[in-house]
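Trainee: Would you mind keeping the following structure in view while I ask a few things?
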Amino acid sequence: MSIWVDRNTRLVVQGITGREGQFHTINCKNYGTNVVAGVTPGKGGQSVEGIPVFNTVAKAVKETGANAAMVFVPPPFCADAILESIDAGVPLIVAITEGIPVMDMMKVKNFLAKSKSRLIGPNCPGIITPGQCKIGIQPGHIHSPGHVGIVSRSGTLTYEAVHQIQQFGMGQSTVIGIGGDPVNGTNFIDCLTAFNADPETKAIIMVGEIGGSAEEEAADFIKKNVKKPVIGFIAGLTAPPGRRMGHAGAIISGSSGTAQGKIKAMREAGLTVVENLGEMGKIAKDAFAAALK
Amino acid sequence: MKIHEFQAKQLFQKYGVPIPRGKAAFSVDEAKQIGAELGVFPVVVKAQIHAGGRGKGGGVKLAKTAAEVEKYASSILGMTLVTHQTGPEGKLVKKLLIEEGLPIAKELYLSVLPDRGTAKIVFMASEAGGMDIEEVAAKTPEKIIKVYIDPLVGMKGYHANELAFGLNLTGDLVKQFTAMAMKLYKMCVDYDCSLVEINPLILTKDGRVIALDGKINFDDNAMYRHKDIQEWRDLDEEDPSEVEASKYELNYIKMPSGNIGNMVNGAGLAMATMDLIQQAGAAPANFLDVGGGASAEQVENGFRIILADPSVKGVLINIFGGILRCDRLANGVVEAAKKVGIKVPVVIRMEGTNVEEGRSILDKSGLNLITAKDVSDAAQKIAAVAKG
C-alpha cells in the first residue's frame, strides 16, 4: 500500500519530446515506472525510447489505458495541457512545470474542482512510492520503501528530508512534493487525509515554508483528525517580508505567512517541530520510534 | 514586478478608471511646468518610489502656489525617503507625480487580487479608507467587505452591487463605482496583476469617484505576455547585485547586514540554509537559488555575485544533487574560484547524484575549500568562519 501511485500506475507524459520531458521520462522508466505513452501535438506516430507518442491525451488514454499524466509542457501552454488531461478524465495529473501564471492556475483549479481528477503541483518535484513508481524529477536512488509519508512544498528540501531519515534507517511509503506555487492542485490536507487512511504509512513528515496559510490549516486538521505521529518543519525564518523567495508562493505579505506564525500553529496542534534542519533525521527517529516498531 | 503610482494611473486611464489630472516630472522645471498646465491650486507633489508610507515620510506635499510647487519639488527630488517599507536606508527620489488637488468628501479603500486560498479573484473594500488596511483588518475586520469571483465565470453586476451597497454608496455614486469596479476587474485579469490597490479611493465634494492613489503589482510568471509592462521596470528601484543576477536568471536576493554568503539549489533548501546560518550564530548575506537545472555558467556567476559583496566573510554552498549533478556543480565552483579568486573561506556541503565525482573534483582542484559531511557540520564550520 501507499498513496495515489503504485505498480498499477500507467503513465502518459505530456511534453515527452522536449529535452526535459525526454530526460526525466527515461529516468522514471529506469526507476520502474510503467510509462505507456507520450503526448506532443504534431508528433503523433513517433516514439521515444520505445514509448508511443500521440497527438492528444484523449487518444493516448484510449489506446494505452493511461491512468496518470506527468506534465512537462512550458509555462505559456501548461494550463492548456493540464486542462486537456482533466477533460480526458485522467485520474492523477502531476505538473512539474515551474512558472505558470497565477491567473491560468486559478482557472485550472476551479475547473479541477468540478472534475474527478487530482492534480499534484505545478512547480513540484512529483510523487514517488519507493520501489514501485516515480512520477517526477526526484533522484530515485535516495529513497527506499518504508512507512514514513512525506509531504512538502519544496523539491530539494524534500530530498534532504528523505536523505536524513534514511541515515536513521527509515524508509518511505510515499513522498509528495505539492509544489511552491501559490495556487496548486493538491494541498497538505489532501495528502494528510490520504496518509492517515493508508495502513502502510505509520508516521508523517510535513515540510512547509513561508507564504499563505496552508500550514496553519494543515496543523488544525492534524489536531482534529490525525492520530499518527507528525513532525513539521518550516523554511524561511530569516526571509524578509514582501520578497518572493524563489518559489512564487513563498512570500510574506504584511504580517501573514511568516515562518514564526506557522511554527506556532504546528506547536499548538501538538506536532513535533524541527527547528534546526540538521536535526530532522534524529528528531524523526525519536518521535516515530513507537509508531515504527 | 512593481511599478510606480504614475504608471499605475496610466493603466487606470487606459481602462477608463477615473484619476486626478496630472503627470510625472523628472526635474523641478518639469514639475513647475506641469503645475502651471494644471491651472488650478492646490497642486499635489508626490514622490515616486516603489514603497508605501510616502506621505508620513514627507514625500507628499500640498502646494497652494506656483512658488510652493517649486519649493516642494526641489526638496523632494533627490531626498532619501525613509518609510516603514523602505528599511532604514531609505530610497532616493528621482521622480515626482504632479497632480491637481481635489476636494475630498470621503476616503474609501478598494483592492482586487487573486486569492491563493480560494483560487478566486477577491475584491476588498472598506469605508475606512486612507488607513493601513492590515491594521483595519486586525482591529475591525467587520469594516472590510470581501467579494469573491470565480475566474471561469468572471465579474457580474451583482458582485459590483455588493461592493457599492456594502460601502453605503447611493444614487449616482453607485453607478460610477460599479462601472469602475468592472473596469478594474478586467484590468486585473488582462494584465495578470497580483495586486491592484486604491487607497484612498475618494468621493469628491462635487460627487465624483476618483482613484487618488494607485498601486499595482504584477505576477512575475506572466510577464512574458506583457511586454508593455516590462518596459516600465525601474532598475533604480532594485539592488544592483539583484539586477546583475537577474541577467543570468538567478534567483538572488540581497539581505541587509549579513556576513555569510550562500548558494543553494532549490528555493526551500535555500531558505532553510539561510535559517541554519542564523541559528549557528552568523547572518545570511543573501538568498540564492541556482535552480534544479543550473549550468556551470550560472553557478560561476552566482558565486561571483556573492563574492562581490564586501560584507561577505565566508560562503556556504549547500547542494542536494537531483537534476543538478554534484560533478557539474563542482566544476562550476572550481571554474568560478579560479576566475574570480576566492579571498574568503568557502564551506561546501554536497549530497545526492554523482556526489563522489563531485567531491573528487573539489579535492583535486588544489583550492582551499572546506568540505562538510552534512548540514549540521556545514553550519558549525561556517559559524566558526564568521567568528573569525
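Trainee: Which helices (runs of 4 or more DSSP H) sit wholly inside the stretch A:111-229 and have at least 1 residues that are away from chain B (no Cβ under 14 Å)?
Mentor: A:188-197, A:214-225
Trainee: Would you confirm, using the coordinates I've provided, whether A:A239 is under 17 Å from the mean Cα position of the chain (by Cα), among the aliphatic types (A, V, I, L, M), under 24 Å from B:E238 (Cα atoms) and facing chain B (nearest Cβ under 9 Å)?
Mentor: no
Trainee: OK, next. Please specify each residue of the stretch A:1-26 satisfying the condition of being of a type in the set (F, W, Y) and under 18 Å from the mean Cα position of the chain (by Cα). Steps first, please.
Mentor: Residues of the stretch A:1-26 that are of a type in the set (F, W, Y), as a first pass: A:4, A:23.
Across the stretch A:1-26, the qualifying residue is only A:W4.
Trainee: In the stretch A:1-47, which residue that is among the aromatic types (F, W, Y) and at negative phi is nearest to the other protein chains (Cβ to nearest Cβ)?
Mentor: The residue in question is A:F23.
Here is a yes/no grid of residues against (1) within 14 Å of another protein chain (Cβ to nearest Cβ); (2) within 30 Å of B:V122 (Cβ to Cβ):
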{"position": "A:E49", "(1), (2)": "no, no"}
{"position": "A:A58", "(1), (2)": "no, no"}
{"position": "A:V61", "(1), (2)": "no, no"}
{"position": "A:A68", "(1), (2)": "no, no"}
{"position": "A:F72", "(1), (2)": "yes, no"}
{"position": "A:P75", "(1), (2)": "yes, yes"}
{"position": "A:T97", "(1), (2)": "yes, yes"}
{"position": "A:K109", "(1), (2)": "yes, yes"}
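Trainee: Can we say B:S241 is over 15 Å from the mean Cα position of the chain (by Cα), more than 7 Å from chain A (Cβ to nearest Cβ) and surrounded by 15 or more Cβ atoms within 10 Å (Cβ to Cβ)?
Mentor: On the way: over 15 Å from the mean Cα position of the chain (by Cα): yes; more than 7 Å from chain A (Cβ to nearest Cβ): yes; surrounded by 15 or more Cβ atoms within 10 Å (Cβ to Cβ): yes.
Yes: the conditions hold for B:S241.
Trainee: What number of residues in the stretch A:230-243 are in contact with a helix residue (DSSP H, G or I) (Cβ under 7 Å, 6 or more places away or on another chain) and part of a loop (DSSP other than H, G, I, E, B)?
Mentor: Selection size over the stretch A:230-243: 4.
Trainee: Scan the stretch A:82-90 and give yes if some residue there is within 14 Å of chain B (Cβ to nearest Cβ) and closer than 21 Å to A:I137 by Cα, otherwise no.
Mentor: Yes, the stretch A:82-90 contains at least one residue that is within 14 Å of chain B (Cβ to nearest Cβ) and closer than 21 Å to A:I137 by Cα.
To keep it simple, each residue is scored yes or no on (1) in contact (Cβ under 8 Å) with a residue 60 or more places away in the chain; (2) touching a Cys at 6+ places or on another chain (Cβ under 8 Å); (3) farther than 20 Å from A:Q164 by Cα.
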position: B:F320; (1), (2), (3): no, no, no
position: B:V340; (1), (2), (3): no, no, yes
position: B:K343; (1), (2), (3): no, no, yes
position: B:T353; (1), (2), (3): no, yes, no
position: B:S365; (1), (2), (3): no, no, yes
position: B:K373; (1), (2), (3): no, no, no
position: B:D377; (1), (2), (3): no, no, no
position: B:Q380; (1), (2), (3): yes, no, no
position: B:A386; (1), (2), (3): yes, no, yes
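Matching residues to (1) crowded, with 23+ Cβ neighbours inside 10 Å; (2) modelled with pLDDT of 90 or more; (3) in contact with a helix residue (DSSP H, G or I) (Cβ under 9 Å, 6 or more places away or on another chain):
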| position | (1), (2), (3) |
| --- | --- |
| B:V334 | no, no, yes |
| B:K339 | no, no, yes |
| B:P345 | no, yes, yes |
| B:G352 | yes, no, yes |
| B:A384 | no, yes, no |
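Trainee: Could you list all residues from the stretch A:250-261 that are at the interface with another protein chain (Cβ under 7 Å from one of its Cβ atoms) and either basic (K, R) or surrounded by fewer than 24 Cβ atoms within 10 Å (Cβ to Cβ) (or both)?
Mentor: A:G254, A:S255
Trainee: I'm trying to understand the selection: among the residues of the stretch A:27-40, which are surrounded by 15 or more Cβ atoms within 10 Å (Cβ to Cβ) and over 19 Å from the mean Cα position of the chain (by Cα)?
Mentor: A:V36, A:A37, A:G38, A:V39, A:T40
Listed here are the residues, each with its yes/no results for (1) assigned by TED's automatic domain parsing to the domain that holds B:L11; (2) at pLDDT below 95.
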| site | (1), (2) |
| --- | --- |
| B:M223 | yes, no |
| B:H226 | yes, no |
| B:E249 | no, yes |
| B:L269 | no, no |
| B:T273 | no, no |
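Trainee: Every residue in the stretch B:227-273 that is part of a loop (DSSP other than H, G, I, E, B), in contact with a strand residue (DSSP E or B) (Cβ under 7 Å, 6 or more places away or on another chain) and not hydrophobic (A, V, I, L, M, F, W, C), please.
Mentor: Those that are part of a loop (DSSP other than H, G, I, E, B), in contact with a strand residue (DSSP E or B) (Cβ under 7 Å, 6 or more places away or on another chain) and not hydrophobic (A, V, I, L, M, F, W, C): B:D239, B:G258, B:N265, B:G266.
Trainee: If you go through the stretch B:61-81, how many residues are surrounded by fewer than 17 Cβ atoms within 10 Å (Cβ to Cβ), under 19 Å from B:L102 (Cα atoms) and of a type outside the set (K, R)?
Mentor: Summing the residues that are surrounded by fewer than 17 Cβ atoms within 10 Å (Cβ to Cβ), under 19 Å from B:L102 (Cα atoms) and of a type outside the set (K, R) in the stretch B:61-81 gives 3.
Trainee: Consider B:E231 carefully, then state whether it is away from chain A (no Cβ under 12 Å) and in contact with a helix residue (DSSP H, G or I) (Cβ under 7 Å, 6 or more places away or on another chain).
Mentor: Criteria not met by B:E231.
Trainee: Moving to a separate point now. Return the only residue of B:I19, B:I34, B:I98, B:I49 being surrounded by 16 or more Cβ atoms within 10 Å (Cβ to Cβ) and in a helix (DSSP H, G or I).
Mentor: B:I34
Trainee: Now a separate question. Give just the number: which of (1) in contact with a Pro (Cβ under 9 Å, 6 or more places away or on another chain); (2) more than 14 Å from every other protein chain (Cβ to nearest Cβ) does B:G321 not satisfy?
Mentor: B:G321 satisfies every listed condition except (2).
Trainee: Out of curiosity, is A:S117 more than 30 Å from A:Q167 (Cα to Cα), small (G, A, S) and under 18 Å from the mean Cα position of the chain (by Cα)?
Mentor: For A:S117, the condition - more than 30 Å from A:Q167 (Cα to Cα), small (G, A, S) and under 18 Å from the mean Cα position of the chain (by Cα) - is met.
Trainee: Looking at A:P41, A:P76, can you tell me which residue is within 22 Å of B:Y224 (Cβ to Cβ) and in a loop (DSSP other than H, G, I, E, B)?
Mentor: Answer to the check: A:P41.
Trainee: Which of the residues spanning the stretch B:275-297 are assigned to a helix (DSSP H, G or I) and either crowded, with 19+ Cβ neighbours inside 10 Å or not assigned by TED's automatic domain parsing to the domain that holds B:M263 (or both)?
Mentor: Selection gives B:D275, B:L276, B:I277.
Trainee: Exactly one condition in (1) touching a residue at least 12 places away in the same chain (Cβ under 8 Å); (2) within 13 Å of chain A (Cβ to nearest Cβ); (3) closer than 30 Å to A:I100 by Cα is not met by B:I145; state its number.
Mentor: Every listed condition holds for B:I145 apart from (2).
The values are calculated or read from the model by the stated rules, or taken from the named source; none is laboratory data. None of these values were measured; they are calculated from a predicted model. We place every Cβ from the backbone using ideal geometry, glycine too, and count neighbours over all the protein chains shown.
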